[in-house]
Amino acid sequence: MKQISNFINGEFVSTAKTFEKRSPLNDAVIAQVAEAGKVEVDAAVESARAALSGPWAKLAIAERADLLHGVANEINRRFDDFLAAEVADTGKPMSLARHLDIPRGAANFKVFADVVKNVPTEFFETATPDGRGAHNYATRSPVGVVAVVCPWNLPLLLMTWKVGPALACGNTVVVKPSEETPQTATLLGEVMNAVGIPKGVYNVVHGFGPGSAGEYLTTHQGVNAITFTGETRTGAAIMKAAADGARPVSMEMGGKNPAIVFADCDFEAAIEGTLRSVFANSGQVCLGTERVYVERPIFDRFVAAMKQGAEALTIGVPTASDTTMGPLISQEHKNKVLSYYKKAVEEGATVITGGGIPAMAGDLAYGAWVQPTIWTGLSDHAAVCREEVFGPCCHISPFDSEEEVIRRANDTQYGLAASIWTSNLQRGHRVAARIEAGLVWVNSWFLRDLRTPFGGTKQSGIGREGGVHSLEFYTELKNICIKL
Ligand code: NAD
(Lines give C-alpha, C1' and ligand atoms only; values in the text may rest on other atoms or scores of the structure.)
Protein backbone atom coordinates (compact mmCIF):
# COMPACT_ATOMS: atom_id res chain seq x y z
CA MET A 1 0.00 0.00 0.00
CA LYS A 2 1.36 3.41 -0.96
CA GLN A 3 1.96 5.87 1.91
CA ILE A 4 1.58 9.53 0.98
CA SER A 5 3.35 11.95 3.33
CA ASN A 6 3.22 15.62 4.07
CA PHE A 7 6.24 17.59 2.87
CA ILE A 8 7.52 20.04 5.45
CA ASN A 9 10.85 21.87 5.48
CA GLY A 10 12.26 19.54 2.84
CA GLU A 11 11.30 16.38 4.75
CA PHE A 12 8.59 13.80 4.12
CA VAL A 13 6.51 13.80 7.30
CA SER A 14 4.10 11.01 8.21
CA THR A 15 1.45 11.22 10.92
CA ALA A 16 -0.32 8.73 13.17
CA LYS A 17 -3.64 9.83 11.69
CA THR A 18 -4.16 8.78 8.09
CA PHE A 19 -7.01 8.67 5.59
CA GLU A 20 -7.70 6.39 2.67
CA LYS A 21 -7.35 7.37 -0.95
CA ARG A 22 -9.65 5.23 -3.08
CA SER A 23 -9.42 4.60 -6.81
CA PRO A 24 -12.23 6.15 -8.87
CA LEU A 25 -12.02 3.08 -11.13
CA ASN A 26 -13.15 0.45 -8.62
CA ASP A 27 -13.27 2.09 -5.18
CA ALA A 28 -10.27 0.06 -3.98
CA VAL A 29 -7.99 1.73 -1.43
CA ILE A 30 -4.80 2.68 -3.28
CA ALA A 31 -3.00 4.77 -0.67
CA GLN A 32 -2.91 5.81 2.96
CA VAL A 33 -2.43 9.54 3.27
CA ALA A 34 -0.89 11.22 6.32
CA GLU A 35 -3.39 13.77 7.58
CA ALA A 36 -1.78 16.96 8.82
CA GLY A 37 -3.10 18.21 12.15
CA LYS A 38 -2.48 21.58 13.76
CA VAL A 39 1.07 20.55 14.68
CA GLU A 40 2.04 19.74 11.10
CA VAL A 41 0.32 22.82 9.66
CA ASP A 42 2.11 25.01 12.23
CA ALA A 43 5.41 23.38 11.30
CA ALA A 44 4.77 23.89 7.59
CA VAL A 45 3.87 27.56 8.01
CA GLU A 46 6.85 28.14 10.31
CA SER A 47 9.23 26.52 7.87
CA ALA A 48 7.78 28.61 5.05
CA ARG A 49 8.23 31.77 7.18
CA ALA A 50 11.80 30.88 8.04
CA ALA A 51 12.59 30.20 4.38
CA LEU A 52 11.52 33.75 3.51
CA SER A 53 14.68 35.06 5.09
CA GLY A 54 16.96 32.16 4.16
CA PRO A 55 18.97 31.43 1.00
CA TRP A 56 15.80 31.69 -1.11
CA ALA A 57 15.53 35.42 -0.34
CA LYS A 58 19.12 36.03 -1.37
CA LEU A 59 18.81 34.61 -4.87
CA ALA A 60 18.89 37.02 -7.79
CA ILE A 61 15.76 36.86 -9.93
CA ALA A 62 17.68 35.14 -12.70
CA GLU A 63 18.95 32.48 -10.28
CA ARG A 64 15.44 31.87 -8.98
CA ALA A 65 14.16 31.62 -12.53
CA ASP A 66 16.89 29.11 -13.38
CA LEU A 67 15.88 26.95 -10.42
CA LEU A 68 12.25 27.01 -11.51
CA HIS A 69 13.23 26.00 -15.03
CA GLY A 70 15.06 23.17 -13.29
CA VAL A 71 11.83 22.17 -11.53
CA ALA A 72 10.00 22.05 -14.87
CA ASN A 73 12.79 20.00 -16.44
CA GLU A 74 12.80 17.55 -13.52
CA ILE A 75 9.00 17.11 -13.76
CA ASN A 76 9.48 16.34 -17.44
CA ARG A 77 12.34 13.94 -16.67
CA ARG A 78 10.05 12.12 -14.22
CA PHE A 79 7.09 12.48 -16.55
CA ASP A 80 6.00 8.86 -16.21
CA ASP A 81 5.98 9.01 -12.39
CA PHE A 82 3.79 12.11 -12.43
CA LEU A 83 1.55 10.60 -15.10
CA ALA A 84 1.06 7.38 -13.11
CA ALA A 85 0.32 9.27 -9.87
CA GLU A 86 -2.15 11.68 -11.47
CA VAL A 87 -3.95 8.94 -13.34
CA ALA A 88 -4.15 6.71 -10.24
CA ASP A 89 -5.72 9.53 -8.22
CA THR A 90 -8.16 10.81 -10.84
CA GLY A 91 -8.86 7.83 -13.13
CA LYS A 92 -8.62 10.17 -16.13
CA PRO A 93 -7.48 8.81 -19.49
CA MET A 94 -3.69 8.63 -19.79
CA SER A 95 -3.94 10.33 -23.16
CA LEU A 96 -5.50 13.39 -21.50
CA ALA A 97 -3.05 13.60 -18.60
CA ARG A 98 -0.16 13.02 -21.01
CA HIS A 99 -0.99 15.97 -23.22
CA LEU A 100 -2.57 18.31 -20.66
CA ASP A 101 -2.00 17.79 -16.93
CA ILE A 102 1.66 16.92 -16.76
CA PRO A 103 3.19 19.06 -19.53
CA ARG A 104 1.14 22.10 -18.48
CA GLY A 105 2.01 21.40 -14.86
CA ALA A 106 5.68 21.65 -15.79
CA ALA A 107 5.21 24.62 -18.12
CA ASN A 108 3.70 26.72 -15.33
CA PHE A 109 7.13 26.95 -13.69
CA LYS A 110 8.87 28.13 -16.86
CA VAL A 111 6.25 30.62 -17.99
CA PHE A 112 6.08 32.49 -14.70
CA ALA A 113 9.85 32.43 -14.17
CA ASP A 114 10.14 34.18 -17.53
CA VAL A 115 7.38 36.67 -16.75
CA VAL A 116 9.07 37.71 -13.51
CA LYS A 117 12.43 38.00 -15.26
CA ASN A 118 11.11 40.23 -18.00
CA VAL A 119 8.32 42.43 -16.68
CA PRO A 120 9.41 45.94 -15.69
CA THR A 121 7.79 48.13 -13.05
CA GLU A 122 6.71 51.74 -13.51
CA PHE A 123 8.61 55.02 -13.34
CA PHE A 124 7.25 58.57 -13.23
CA GLU A 125 8.98 61.94 -13.24
CA THR A 126 7.08 64.38 -11.04
CA ALA A 127 7.35 68.19 -11.25
CA THR A 128 7.83 70.00 -7.92
CA PRO A 129 7.43 73.74 -7.08
CA ASP A 130 11.17 74.20 -6.53
CA GLY A 131 11.82 73.04 -10.09
CA ARG A 132 14.06 70.16 -9.07
CA GLY A 133 11.41 67.48 -9.41
CA ALA A 134 11.16 63.96 -8.09
CA HIS A 135 11.51 60.45 -9.43
CA ASN A 136 8.97 57.80 -8.56
CA TYR A 137 9.75 54.18 -9.16
CA ALA A 138 8.01 51.02 -8.09
CA THR A 139 9.54 47.85 -6.74
CA ARG A 140 7.98 44.48 -6.20
CA SER A 141 8.59 42.31 -3.16
CA PRO A 142 7.13 38.93 -2.21
CA VAL A 143 3.88 38.86 -0.24
CA GLY A 144 5.32 36.25 2.12
CA VAL A 145 3.88 32.84 2.94
CA VAL A 146 1.15 31.92 0.46
CA ALA A 147 -1.41 29.21 1.23
CA VAL A 148 -2.44 27.34 -1.92
CA VAL A 149 -5.71 25.41 -1.55
CA CYS A 150 -6.38 23.13 -4.52
CA PRO A 151 -9.19 21.12 -6.13
CA TRP A 152 -9.05 17.60 -7.56
CA ASN A 153 -10.02 18.03 -11.19
CA LEU A 154 -6.64 19.03 -12.63
CA PRO A 155 -4.48 18.51 -9.55
CA LEU A 156 -0.91 19.17 -10.71
CA LEU A 157 -1.85 21.71 -13.36
CA LEU A 158 -3.99 23.89 -11.10
CA MET A 159 -1.58 23.60 -8.17
CA THR A 160 1.47 24.66 -10.19
CA TRP A 161 -0.60 27.42 -11.81
CA LYS A 162 -0.39 28.98 -8.31
CA VAL A 163 2.90 27.60 -7.00
CA GLY A 164 4.78 28.59 -10.20
CA PRO A 165 4.05 32.33 -9.99
CA ALA A 166 4.18 32.38 -6.18
CA LEU A 167 7.73 30.99 -6.17
CA ALA A 168 8.79 33.01 -9.21
CA CYS A 169 7.90 36.14 -7.22
CA GLY A 170 10.05 34.99 -4.29
CA ASN A 171 7.30 33.81 -1.94
CA THR A 172 7.21 30.53 -0.07
CA VAL A 173 4.15 28.26 -0.14
CA VAL A 174 2.16 25.78 1.88
CA VAL A 175 0.00 23.70 -0.44
CA LYS A 176 -3.18 21.91 0.66
CA PRO A 177 -4.02 19.48 -2.16
CA SER A 178 -7.52 18.06 -2.44
CA GLU A 179 -8.04 15.03 -0.23
CA GLU A 180 -9.05 13.21 -3.44
CA THR A 181 -5.75 13.82 -5.21
CA PRO A 182 -2.82 13.83 -2.80
CA GLN A 183 -0.09 12.17 -4.83
CA THR A 184 1.43 14.64 -7.29
CA ALA A 185 1.85 17.41 -4.68
CA THR A 186 4.00 15.12 -2.54
CA LEU A 187 5.89 13.89 -5.60
CA LEU A 188 6.68 17.50 -6.41
CA GLY A 189 8.46 17.64 -3.04
CA GLU A 190 10.96 15.07 -4.39
CA VAL A 191 11.49 17.30 -7.42
CA MET A 192 12.06 20.38 -5.24
CA ASN A 193 14.73 18.55 -3.24
CA ALA A 194 16.38 17.10 -6.34
CA VAL A 195 16.66 20.51 -7.97
CA GLY A 196 17.94 22.26 -4.85
CA ILE A 197 14.99 24.48 -3.96
CA PRO A 198 15.87 25.53 -0.38
CA LYS A 199 14.10 23.78 2.49
CA GLY A 200 10.83 25.34 3.56
CA VAL A 201 10.12 27.09 0.25
CA TYR A 202 7.61 24.43 -0.86
CA ASN A 203 5.51 22.61 1.75
CA VAL A 204 2.54 20.26 1.47
CA VAL A 205 -0.05 19.46 4.13
CA HIS A 206 -2.67 16.81 3.43
CA GLY A 207 -6.18 16.61 4.78
CA PHE A 208 -9.73 17.89 4.45
CA GLY A 209 -11.38 21.31 4.78
CA PRO A 210 -13.27 22.08 7.98
CA GLY A 211 -11.66 20.76 11.18
CA SER A 212 -8.64 19.62 9.20
CA ALA A 213 -5.60 20.89 7.29
CA GLY A 214 -7.63 23.24 5.04
CA GLU A 215 -9.12 25.14 7.93
CA TYR A 216 -5.92 25.11 10.02
CA LEU A 217 -3.95 26.51 7.10
CA THR A 218 -6.36 29.23 5.99
CA THR A 219 -6.98 30.47 9.55
CA HIS A 220 -3.25 30.43 10.37
CA GLN A 221 -2.05 33.97 11.06
CA GLY A 222 1.42 33.12 9.76
CA VAL A 223 -0.07 32.90 6.26
CA ASN A 224 0.08 36.23 4.41
CA ALA A 225 -2.14 35.47 1.41
CA ILE A 226 -4.47 32.69 0.29
CA THR A 227 -5.03 31.49 -3.24
CA PHE A 228 -7.91 29.08 -3.71
CA THR A 229 -9.45 27.04 -6.50
CA GLY A 230 -12.63 25.12 -5.83
CA GLU A 231 -16.33 25.48 -5.17
CA THR A 232 -17.88 28.87 -4.60
CA ARG A 233 -19.26 27.81 -1.22
CA THR A 234 -15.81 26.77 -0.02
CA GLY A 235 -14.36 30.00 -1.38
CA ALA A 236 -16.81 31.99 0.73
CA ALA A 237 -15.76 30.07 3.87
CA ILE A 238 -12.10 30.76 3.10
CA MET A 239 -12.78 34.47 2.55
CA LYS A 240 -14.27 34.61 6.03
CA ALA A 241 -11.10 32.99 7.41
CA ALA A 242 -8.98 35.46 5.43
CA ALA A 243 -10.84 38.42 6.94
CA ASP A 244 -9.03 37.73 10.22
CA GLY A 245 -5.75 39.48 9.71
CA ALA A 246 -7.08 41.22 6.55
CA ARG A 247 -5.24 38.82 4.28
CA PRO A 248 -5.61 39.05 0.48
CA VAL A 249 -7.34 36.25 -1.41
CA SER A 250 -7.37 35.09 -5.00
CA MET A 251 -10.44 32.99 -5.74
CA GLU A 252 -11.08 30.73 -8.71
CA MET A 253 -14.47 29.16 -8.16
CA GLY A 254 -17.40 27.44 -9.82
CA GLY A 255 -19.09 28.09 -13.13
CA LYS A 256 -22.17 27.33 -15.22
CA ASN A 257 -20.67 28.13 -18.55
CA PRO A 258 -22.73 28.68 -21.68
CA ALA A 259 -21.93 27.80 -25.28
CA ILE A 260 -23.78 29.88 -27.87
CA VAL A 261 -24.04 28.31 -31.29
CA PHE A 262 -25.24 30.50 -34.16
CA ALA A 263 -26.72 28.98 -37.30
CA ASP A 264 -23.89 30.44 -39.39
CA CYS A 265 -21.18 28.54 -37.46
CA ASP A 266 -18.75 26.04 -38.87
CA PHE A 267 -20.97 23.16 -37.85
CA GLU A 268 -18.31 20.48 -37.55
CA ALA A 269 -16.02 22.75 -35.51
CA ALA A 270 -18.88 23.73 -33.19
CA ILE A 271 -19.77 20.10 -32.59
CA GLU A 272 -16.17 19.07 -32.01
CA GLY A 273 -15.56 22.00 -29.64
CA THR A 274 -18.81 21.58 -27.73
CA LEU A 275 -18.33 17.83 -27.32
CA ARG A 276 -14.91 18.56 -25.83
CA SER A 277 -16.15 21.36 -23.61
CA VAL A 278 -18.97 19.20 -22.22
CA PHE A 279 -17.26 15.82 -21.87
CA ALA A 280 -13.49 16.39 -21.46
CA ASN A 281 -12.27 15.05 -18.12
CA SER A 282 -15.78 13.62 -17.62
CA GLY A 283 -17.13 17.15 -17.45
CA GLN A 284 -14.98 17.97 -14.43
CA VAL A 285 -13.44 21.11 -15.86
CA CYS A 286 -14.24 24.50 -14.35
CA LEU A 287 -14.33 26.03 -17.83
CA GLY A 288 -16.56 23.25 -19.19
CA THR A 289 -19.89 23.89 -20.86
CA GLU A 290 -23.12 22.84 -19.11
CA ARG A 291 -25.59 25.10 -20.95
CA VAL A 292 -25.75 25.00 -24.74
CA TYR A 293 -27.89 27.48 -26.68
CA VAL A 294 -28.36 26.70 -30.36
CA GLU A 295 -30.02 28.97 -32.94
CA ARG A 296 -33.29 27.35 -33.91
CA PRO A 297 -32.64 26.57 -37.64
CA ILE A 298 -29.81 24.15 -36.73
CA PHE A 299 -31.15 22.99 -33.35
CA ASP A 300 -32.36 19.50 -34.33
CA ARG A 301 -29.28 18.77 -36.41
CA PHE A 302 -27.02 19.99 -33.61
CA VAL A 303 -28.72 17.85 -30.96
CA ALA A 304 -28.50 14.78 -33.23
CA ALA A 305 -24.79 15.33 -33.84
CA MET A 306 -24.10 15.86 -30.11
CA LYS A 307 -25.97 12.64 -29.33
CA GLN A 308 -23.89 10.78 -31.88
CA GLY A 309 -20.67 12.27 -30.47
CA ALA A 310 -21.60 11.47 -26.87
CA GLU A 311 -22.49 7.89 -27.76
CA ALA A 312 -19.17 7.50 -29.59
CA LEU A 313 -17.20 8.22 -26.41
CA THR A 314 -15.39 5.16 -25.13
CA ILE A 315 -15.74 4.82 -21.39
CA GLY A 316 -12.90 2.86 -19.88
CA VAL A 317 -9.76 2.52 -17.84
CA PRO A 318 -7.01 5.13 -18.26
CA THR A 319 -4.50 2.74 -19.79
CA ALA A 320 -6.70 1.53 -22.67
CA SER A 321 -5.61 3.43 -25.77
CA ASP A 322 -9.17 3.86 -27.02
CA THR A 323 -10.52 5.32 -23.75
CA THR A 324 -11.91 8.82 -24.21
CA MET A 325 -13.82 9.11 -20.95
CA GLY A 326 -12.94 8.00 -17.43
CA PRO A 327 -14.95 7.85 -14.22
CA LEU A 328 -15.85 10.74 -11.94
CA ILE A 329 -13.46 11.46 -9.09
CA SER A 330 -15.33 9.66 -6.27
CA GLN A 331 -18.45 7.87 -5.13
CA GLU A 332 -19.53 11.04 -3.37
CA HIS A 333 -19.27 13.05 -6.56
CA LYS A 334 -20.97 10.29 -8.54
CA ASN A 335 -23.92 10.46 -6.14
CA LYS A 336 -24.09 14.23 -6.57
CA VAL A 337 -24.03 14.00 -10.38
CA LEU A 338 -26.62 11.19 -10.38
CA SER A 339 -28.87 13.27 -8.15
CA TYR A 340 -28.86 15.92 -10.90
CA TYR A 341 -29.56 13.25 -13.54
CA LYS A 342 -32.62 12.30 -11.48
CA LYS A 343 -33.68 15.89 -10.89
CA ALA A 344 -33.50 16.68 -14.62
CA VAL A 345 -35.99 13.90 -15.35
CA GLU A 346 -38.23 14.95 -12.48
CA GLU A 347 -38.29 18.48 -13.86
CA GLY A 348 -39.42 17.14 -17.25
CA ALA A 349 -36.24 16.85 -19.32
CA THR A 350 -36.11 14.86 -22.52
CA VAL A 351 -33.10 12.60 -22.11
CA ILE A 352 -31.36 12.62 -25.50
CA THR A 353 -28.71 10.21 -24.34
CA GLY A 354 -27.33 8.74 -21.11
CA GLY A 355 -28.85 9.61 -17.78
CA GLY A 356 -27.56 6.62 -15.85
CA ILE A 357 -24.62 4.40 -15.04
CA PRO A 358 -22.75 2.44 -17.73
CA ALA A 359 -22.43 -1.32 -17.34
CA MET A 360 -18.83 -1.97 -16.29
CA ALA A 361 -17.25 -5.39 -16.01
CA GLY A 362 -15.72 -7.02 -12.94
CA ASP A 363 -14.56 -4.80 -10.11
CA LEU A 364 -15.03 -1.71 -12.30
CA ALA A 365 -18.70 -2.03 -11.40
CA TYR A 366 -17.72 -0.46 -8.04
CA GLY A 367 -16.18 2.61 -9.72
CA ALA A 368 -17.53 6.16 -10.04
CA TRP A 369 -18.77 5.78 -13.62
CA VAL A 370 -21.67 7.72 -15.10
CA GLN A 371 -22.95 7.99 -18.64
CA PRO A 372 -22.37 11.06 -20.78
CA THR A 373 -25.74 12.76 -20.73
CA ILE A 374 -27.61 15.31 -22.83
CA TRP A 375 -30.99 16.84 -22.04
CA THR A 376 -33.37 19.11 -23.91
CA GLY A 377 -36.75 20.54 -23.11
CA LEU A 378 -36.13 22.21 -19.75
CA SER A 379 -36.78 25.81 -18.84
CA ASP A 380 -33.84 28.01 -17.88
CA HIS A 381 -35.03 27.74 -14.26
CA ALA A 382 -34.45 23.98 -13.98
CA ALA A 383 -31.75 22.92 -11.51
CA VAL A 384 -29.44 21.47 -14.19
CA CYS A 385 -29.65 24.77 -16.07
CA ARG A 386 -28.73 26.87 -13.02
CA GLU A 387 -26.51 24.85 -10.69
CA GLU A 388 -23.02 23.57 -11.41
CA VAL A 389 -23.20 19.78 -11.86
CA PHE A 390 -19.49 19.24 -12.71
CA GLY A 391 -20.24 16.05 -14.60
CA PRO A 392 -20.35 14.87 -18.25
CA CYS A 393 -23.66 16.49 -19.10
CA CYS A 394 -25.33 19.47 -20.70
CA HIS A 395 -28.73 20.89 -21.47
CA ILE A 396 -29.30 22.10 -25.03
CA SER A 397 -32.00 24.63 -25.80
CA PRO A 398 -32.97 26.62 -28.90
CA PHE A 399 -32.89 30.42 -29.24
CA ASP A 400 -34.23 32.85 -31.82
CA SER A 401 -32.30 36.09 -31.46
CA GLU A 402 -28.94 37.45 -30.40
CA GLU A 403 -30.54 39.68 -27.77
CA GLU A 404 -32.42 36.74 -26.28
CA VAL A 405 -29.40 34.45 -26.07
CA ILE A 406 -27.17 37.09 -24.50
CA ARG A 407 -29.79 37.70 -21.82
CA ARG A 408 -30.18 33.98 -21.12
CA ALA A 409 -26.44 33.29 -21.13
CA ASN A 410 -25.92 36.08 -18.58
CA ASP A 411 -28.82 35.05 -16.37
CA THR A 412 -26.66 33.20 -13.84
CA GLN A 413 -24.85 33.82 -10.58
CA TYR A 414 -21.65 32.59 -12.25
CA GLY A 415 -19.36 34.23 -14.79
CA LEU A 416 -16.35 32.10 -15.52
CA ALA A 417 -16.27 31.23 -19.24
CA ALA A 418 -18.31 31.13 -22.44
CA SER A 419 -17.90 29.89 -26.00
CA ILE A 420 -19.45 31.52 -29.05
CA TRP A 421 -19.63 29.69 -32.35
CA THR A 422 -20.23 31.85 -35.45
CA SER A 423 -18.57 32.57 -38.78
CA ASN A 424 -19.69 36.21 -38.53
CA LEU A 425 -16.75 37.88 -36.83
CA GLN A 426 -18.66 41.12 -36.25
CA ARG A 427 -21.16 39.11 -34.28
CA GLY A 428 -18.36 37.26 -32.49
CA HIS A 429 -16.86 40.52 -31.21
CA ARG A 430 -20.26 42.03 -30.43
CA VAL A 431 -21.57 39.11 -28.40
CA ALA A 432 -18.23 38.46 -26.67
CA ALA A 433 -18.21 42.05 -25.42
CA ARG A 434 -21.61 41.60 -23.78
CA ILE A 435 -21.08 38.23 -22.11
CA GLU A 436 -20.53 38.53 -18.37
CA ALA A 437 -17.57 36.16 -17.93
CA GLY A 438 -13.85 36.34 -17.32
CA LEU A 439 -13.00 34.24 -20.37
CA VAL A 440 -14.83 34.19 -23.71
CA TRP A 441 -13.80 32.03 -26.63
CA VAL A 442 -14.98 32.63 -30.16
CA ASN A 443 -14.82 29.47 -32.28
CA SER A 444 -12.77 27.53 -29.75
CA TRP A 445 -12.67 26.29 -26.19
CA PHE A 446 -9.83 25.94 -23.66
CA LEU A 447 -7.33 27.60 -26.00
CA ARG A 448 -5.11 29.07 -23.29
CA ASP A 449 -2.12 31.35 -23.57
CA LEU A 450 -0.62 31.42 -20.07
CA ARG A 451 0.28 35.11 -20.45
CA THR A 452 -3.39 36.12 -20.64
CA PRO A 453 -5.67 36.99 -17.69
CA PHE A 454 -7.57 34.08 -16.15
CA GLY A 455 -10.40 34.28 -13.64
CA GLY A 456 -14.11 34.69 -13.19
CA THR A 457 -16.67 37.42 -12.64
CA LYS A 458 -19.68 37.32 -10.28
CA GLN A 459 -19.53 34.24 -8.02
CA SER A 460 -16.94 32.52 -10.21
CA GLY A 461 -13.99 34.35 -8.80
CA ILE A 462 -12.13 37.28 -7.39
CA GLY A 463 -8.99 38.58 -9.05
CA ARG A 464 -7.12 37.51 -12.14
CA GLU A 465 -4.06 35.37 -12.49
CA GLY A 466 -1.94 34.58 -15.54
CA GLY A 467 1.01 36.46 -17.04
CA VAL A 468 1.63 39.83 -15.42
CA HIS A 469 -1.73 39.61 -13.61
CA SER A 470 -0.28 36.97 -11.30
CA LEU A 471 2.26 39.54 -10.13
CA GLU A 472 -0.56 41.69 -8.75
CA PHE A 473 -1.44 38.97 -6.28
CA TYR A 474 1.92 37.41 -5.53
CA THR A 475 3.86 40.64 -4.94
CA GLU A 476 3.56 43.82 -2.96
CA LEU A 477 4.15 46.84 -5.16
CA LYS A 478 5.96 49.66 -3.38
CA ASN A 479 6.38 53.20 -4.70
CA ILE A 480 9.65 54.90 -3.85
CA CYS A 481 9.67 58.67 -4.36
CA ILE A 482 13.07 60.39 -4.54
CA LYS A 483 13.08 64.17 -4.23
CA LEU A 484 15.84 65.49 -6.45
P1 NAD B 1 -13.91 22.10 -3.03
O2 NAD B 1 -14.30 23.51 -2.81
O3 NAD B 1 -14.75 21.04 -2.44
O4 NAD B 1 -12.46 21.83 -2.44
C5 NAD B 1 -11.34 22.59 -2.85
C6 NAD B 1 -10.29 22.55 -1.76
O7 NAD B 1 -10.74 23.28 -0.63
C8 NAD B 1 -9.95 21.15 -1.27
O9 NAD B 1 -8.56 21.07 -1.09
C10 NAD B 1 -10.69 21.07 0.06
O11 NAD B 1 -10.13 20.17 0.96
C12 NAD B 1 -10.53 22.50 0.56
N13 NAD B 1 -11.53 22.93 1.54
C14 NAD B 1 -12.81 22.55 1.65
N15 NAD B 1 -13.41 23.22 2.65
C16 NAD B 1 -12.49 24.05 3.20
C17 NAD B 1 -12.48 24.98 4.27
N18 NAD B 1 -13.58 25.24 4.98
N19 NAD B 1 -11.34 25.65 4.54
C20 NAD B 1 -10.23 25.43 3.82
N21 NAD B 1 -10.16 24.55 2.80
C22 NAD B 1 -11.28 23.87 2.48
O23 NAD B 1 -13.76 21.95 -4.59
P24 NAD B 1 -13.49 20.59 -5.41
O25 NAD B 1 -14.70 19.75 -5.31
O26 NAD B 1 -12.16 20.05 -5.00
O27 NAD B 1 -13.32 21.14 -6.90
C28 NAD B 1 -14.40 21.30 -7.79
C29 NAD B 1 -14.83 22.76 -7.81
O30 NAD B 1 -13.73 23.58 -8.15
C31 NAD B 1 -15.90 23.08 -8.84
O32 NAD B 1 -16.83 23.97 -8.28
C33 NAD B 1 -15.12 23.80 -9.95
O34 NAD B 1 -15.85 24.67 -10.76
C35 NAD B 1 -14.10 24.52 -9.15
N36 NAD B 1 -12.94 24.85 -9.97
C37 NAD B 1 -12.77 26.15 -10.37
C38 NAD B 1 -11.69 26.49 -11.17
C39 NAD B 1 -11.47 27.91 -11.64
O40 NAD B 1 -10.42 28.18 -12.18
N41 NAD B 1 -12.41 28.80 -11.46
C42 NAD B 1 -10.80 25.50 -11.55
C43 NAD B 1 -11.01 24.18 -11.14
C44 NAD B 1 -12.09 23.87 -10.34
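The values are calculated or read from the model by the stated rules, or taken from the named source; none is laboratory data. Here the structure is a predicted model, which is why all the values come from computation and not from measurement. Note that each Cβ is placed from the backbone with ideal geometry, even for glycine, and that neighbours are counted across all protein chains shown. To get the accessible areas, we keep the full protein, side chains included, count just its heavy atoms, and leave off ligands, DNA and RNA. Shrake-Rupley method; radii C 1.70, N 1.55, O 1.52, S 1.80 Å.
Before moving on, here are some points about what is shown:
- Val345/Leu59 FRET efficiency (R0 56 Å; Cβ-Cβ; nearest 0.05): 0.45
- Given Lys240/Lys458; Lys240/Lys336; Lys38/Lys162; Lys162/Lys483; Lys110/Lys336; Lys2/Lys176, the pairs whose alpha carbons are separated by over 29 Å: Lys162/Lys483; Lys110/Lys336
- Protection proxy ranking, peptides 454-463, 404-413, average beta carbon neighbours within 10 Å, highest first: 454-463, 404-413
- Antiparallel %, DSSP beta bridges [both residues in the chain], to 5: 40
- Global form of region 249-362, assessed from the alpha-carbon gyration tensor, a/c cut-off 1.5: rounded
- A simple count of charges around Tyr474, restricted to other residues whose Cβ falls under 13 Å of its Cβ and scoring Lys, Arg +1 and Asp, Glu -1, yields +1.
- Based on C-alpha pairs under 8 angstrom that are at least 6 apart in sequence, the chain has a relative contact order of 19 percent.
- Anisotropy class assigned to the chain is oblate, per the alpha carbon gyration tensor with a/c at or over the 1.5 cut-off and a/b no larger than b/c.
- In this label model, Asp81 and Ala194 are separated by 0.4 nm, measuring between points 7 Å along each Cα→Cβ vector.
- Cross-link reach list, aspartates and glutamates versus Lys17, counting only Cα pairs under 18 Å and skipping chain neighbours closer than eight places: Glu35, Glu40, Asp42, Glu179, Glu180, Glu215
- Listed by chain and number, the lysines placed with their C-alpha closer than 24 angstrom to that of Lys343 are Lys256, Lys307, Lys334; residues fewer than eight positions away on the same chain are left out.
- Solvent-accessible ranking of Lys240, Lys256, largest area first, probe 1.4 Å: Lys240, Lys256
- Positive dipole terminus of region 396-484, leading residue within Val431, Gly463, Gln413 (C-beta point charges): Gly463
- Alpha-carbon centroids, region 397-441 and region 22-40: separation in whole Å: 41
- Think of the chain as having a plus end and a minus end, set by charges on the Cβ of Lys, Arg, Asp and Glu; of Val87, Val33, Gly70, Gly70 sits farthest toward the positive end of this dipole.
- Unit charges on C-beta of K, R, D, E only; dipole of region 257-449, Debye: 180
- At R0 = 35 Å, FRET efficiency that the Cβ-Cβ distance of Ala383 and Ala433 yields, to 0.05: 0.70
- In range of the label at Asp411: residues from region 364-403 whose backbone nitrogen is under 13 Å from the point 7 Å along Cα→Cβ: 378-383, 385-386, 397-401, 403
- Distance between the C-alpha centres of region 352-390 and region 305-340: 9 Å, rounded to the whole angstrom.
- Sequence-distant contacts, meaning Cα pairs under 8 Å at least 6 residues apart, place the relative contact order of region 257-449 at 29 percent.
- For Arg98 and Ala236, the FRET efficiency from 1/(1 + (r/R0)^6), where r spans their Cβ atoms and R0 equals 35 Å, is about 0.50.
- Sulfur and carbon atoms: percent of accessible area, region 1-137 [1.4 Å]: 54
- Partner aspartates and glutamates for Lys199 [C-alpha distance under 13 Å; skip if fewer than 8 residues away on the same chain]: Glu11, Glu46, Glu190
- Taking label points 7 Å from Cα along the Cα-to-Cβ direction, Glu332 and Ile482 give a separation of 5.5 nm.
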